[in-house]
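Below is one structure, written out as structure tokens, with a few remarks after it.
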Amino acid sequence: MFKIANADLATSFAVGDPESDRFLGQNACRFGISEDWTGDLTNGILTLGSRARQLHGLDSHECGLLTMMRCYEPADRGHILRLFEQAATEPSRFCYSTTILSAANQRQPVFCIGESTGFDGTRGTMVGLFNFPRFQLPTTATVTPV
């Protein structure tokens, strides 16, 4: 799944009271780990949280997009790169899902949603959320769309 929306960003993502909204339900953490990330479009640096850094196999919280994507399914990298390139040129919302291939031959699904904003000449930012389901895929499994 590779999606981008170049829509009117006047209506931003809904942020509400976590106690009253419960969009994900009380037991959401049993299904996966979620973690925020940010991107600075002036220098191309992404900043990942501790779990995202670890699951992506990175040594540092800060990295470039290509460095982060090295662990992704090779067939997905071009699509994801195009999403980020498009989001870096105009305010956009995007999402993708892929699989992280670890050095230990583990296959961890990852879902990412993000938004680019703050374009005023030479500046802009991205914010987003990674979701890592609490399961791994067998090394021989292939996922084909229906």
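Of all residues in the stretch 97-115, those that are open to solvent by 70 Å² or more (accessible area, probe 1.4 Å) and touching a strand residue (DSSP E or B) at 6+ places or on another chain (Cβ under 7 Å) total 2. Note on the stretch 59-81: residues that are open to solvent by 50 Å² or more (accessible area, probe 1.4 Å) and touching a residue at least 60 places away in the same chain (Cβ under 8 Å) total 1.
For the stretch 39-46, the condition of being open to solvent by 60 Å² or more (accessible area, probe 1.4 Å) and assigned to a loop (DSSP other than H, G, I, E, B) holds for at least one residue. I'd like the full set of residues that are surrounded by fewer than 16 Cβ atoms within 10 Å (Cβ to Cβ) and in a strand (DSSP E or B), limited to the stretch 48-58. Matches in the stretch 48-58: none.
Does the stretch 84-91 contain any residue that is without any contact (Cβ under 8 Å) to a residue 12 or more places away in the chain and in a helix (DSSP H, G or I)? Yes.
The values are calculated or read from the model by the stated rules, or taken from the named source; none is laboratory data. This structure is a prediction, so every number in the text was calculated from the model and none was measured. Reconstructed Cβ throughout: ideal geometry from the backbone, glycine too, with neighbour counts over all protein chains shown. The accessibility values were calculated without ligands, DNA or RNA, using every heavy atom of the protein model including side chains. Shrake-Rupley method; radii C 1.70, N 1.55, O 1.52, S 1.80 Å.
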